[in-house]
Amino acid sequence: MNPSKEKYYRALFAVSAVYDVMLGTALTFFGAPIFNALGIAEKLPAFAGYITLPGAFVIVIGIACALIARGDMRRNADLILICALYKFAYAATVIYYWCTAALPHVTFGIFAIADTIFFALMMESFFTVRKARPEAT
């Protein structure tokens, strides 16, 4: 694989790692204050775990992106696909609710736009990495 392209992919996954770990940490530990600040506290579920657990999952995806960024890109192709599909799942869900006027706050839409961009870039990296020839050892 072209070294500059590999450097770009590593940067992409490093940025995604920071983004996801920060977002996941915010949801895991500060879900209620965030919903209050957005003026949608009434949308919080009665059981806080419904916000905490997805936040923890976002942290895990961030860690996966960090592992991709520092590891063997070709060997991590399956992990790249999982991270891309996670981005797609979030974006598709939010865009659906945005289109049906059931989105509680536009902030969720902004994250969906970011994840749509991440999805497209990650899928491009997945296909490029998959077709890359193995490095000679």
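Any idea how many residues of the range 1-58 are part of a loop (DSSP other than H, G, I, E, B) and farther than 24 Å from GLY71 by Cα?
First pass over the range 1-58, keeping only residues part of a loop (DSSP other than H, G, I, E, B): 1-2, 38-40, 44-48.
Right, trim to farther than 24 Å from GLY71 by Cα and you get 38-40, 44-48.
So the answer is 8.
Tally the residues that are closer than 12 Å to TYR9 by Cβ and either crowded, with 21+ Cβ neighbours inside 10 Å or among the hydrophobic types (A, V, I, L, M, F, W, C) (or both), restricting the search to the range 60-75.
4
Taking the range 82-137 as the region of interest, how many residues are touching a helix residue (DSSP H, G or I) at 6+ places or on another chain (Cβ under 6 Å) and either of a type outside the set (Val, Ile, Thr) or closer than 14 Å to ASP20 by Cβ (or both)? Steps first, please.
In the first step, residues of the range 82-137 are kept if they are touching a helix residue (DSSP H, G or I) at 6+ places or on another chain (Cβ under 6 Å); the result is 83-84, 86-88, 90-91, 94-95, 98, 103-104, 108-109, 112, 115-116, 118-119, 121-123, 125-126, 129-130.
Next, from what is left, pick out any that are either of a type outside the set (Val, Ile, Thr) or closer than 14 Å to ASP20 by Cβ (or both): 83-84, 86-88, 90-91, 98, 103-104, 108-109, 112, 115, 118-119, 121-123, 125-126, 130.
Looking only at that region, the number is 22.
Looking at ALA91, ALA84, ALA102, which is the one that is under 25 Å from GLY39 (Cβ atoms) and in a helix (DSSP H, G or I)? Don't jump to the end; show me each part of the working.
Details: ALA84 fails: under 25 Å from GLY39 (Cβ atoms); ALA102 fails: in a helix (DSSP H, G or I).
Only one candidate passes the filter, namely ALA91.
Which of the following residues is closer than 22 Å to ALA91 by Cβ and either of a type in the set (Asp, Glu) or touching a residue at least 40 places away in the same chain (Cβ under 8 Å) (or both): VAL21, VAL60, VAL15?
Working: VAL60 fails: either of a type in the set (Asp, Glu) or touching a residue at least 40 places away in the same chain (Cβ under 8 Å) (or both); VAL15 fails: either of a type in the set (Asp, Glu) or touching a residue at least 40 places away in the same chain (Cβ under 8 Å) (or both).
After ruling out the rest, the residue left standing is VAL21.
Readers should treat all values here as calculations from the given coordinates under stated rules, not as data from a laboratory. The structure presented is a predicted model; accordingly, all values stated were derived computationally and were not measured. With ideal geometry, Cβ positions are generated from the backbone for all residues, glycine too; neighbour counts draw on all protein chains shown.
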